[in-house]
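A quick write-up on the structure given underneath.
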Amino acid sequence: AARLRYPDLELAISPAVVPAVLLVVFAGTMLGYALAYAITDPRVIQLVTQVLAFGLVGFSPVVFPAQQMPAWLVSVNEWLPLTHMATIVRDALTDGLVTADVGRAYLVVSVWALAAGAAAVRELRRRR
């Protein structure tokens, strides 16, 4: 889809794609597991995930620049995983086009993945 919108964009797929995508998938899966194990009612978890999906995508600088957001919302997004997940994948697919701190993005997503994984394991053990 990006090639259709930006025909001059050079995608430089590197070996970094594998760990980047694996980390993003792992973090997303752990977040989903943590929510699913913490909230047992399927109707409530469906509502929570829809609100989170709308909130994270609608109010994070993934589909539009951060300069168009209020400063306080940019600060909040510095600690949420979605923007950093996009940064990691964008960096792995392009050569030098990402201007964000990629190392910090890996750190933030890794912390979220480990924290969500620990929360999921704790909730799963609590159920037994």
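Most tightly packed first, judged by the mean number of other beta-carbon atoms within 10 Å of their residues, the peptides 23-35, 6-18 read 23-35, 6-18.
Between helix 102-127 and the chain, what is the angle of the helix's C-alpha long axis to the longest principal axis, kept within 0 to 90° and rounded to the nearest 10? The angle comes out at about 20 degrees. Looking at region 51-128, the chymotrypsin sites (Phe, Trp or Tyr not before Pro) that sit in a DSSP loop and have at most 11 other Cβ atoms within 10 Å of their own Cβ are TRP79.
Once the C-beta distance of ALA16 and ARG104 is scaled by a Förster radius of 22 Å, the resulting FRET efficiency is 0.90 to the nearest 0.05.
In this label model, ALA118 and LEU52 are separated by 1.8 nm, measuring between points 7 Å along each Cα→Cβ vector.
Answer rounded, prolate or oblate for the chain, using the Cα gyration tensor with square roots of eigenvalues a ≥ b ≥ c: rounded when a/c is under 1.5, else prolate when a/b is larger than b/c, else oblate. It is prolate, given that a/c is not under 1.5 and a/b is the larger ratio.
None of the figures in this text is laboratory data; all of them are computed from the coordinates on show. From a predicted model like this one, the values you see are computed outputs, not experimental measurements. For neighbour counting, all protein chains shown are included, and Cβ atoms are generated from backbone atoms with ideal geometry for every residue, glycine included.
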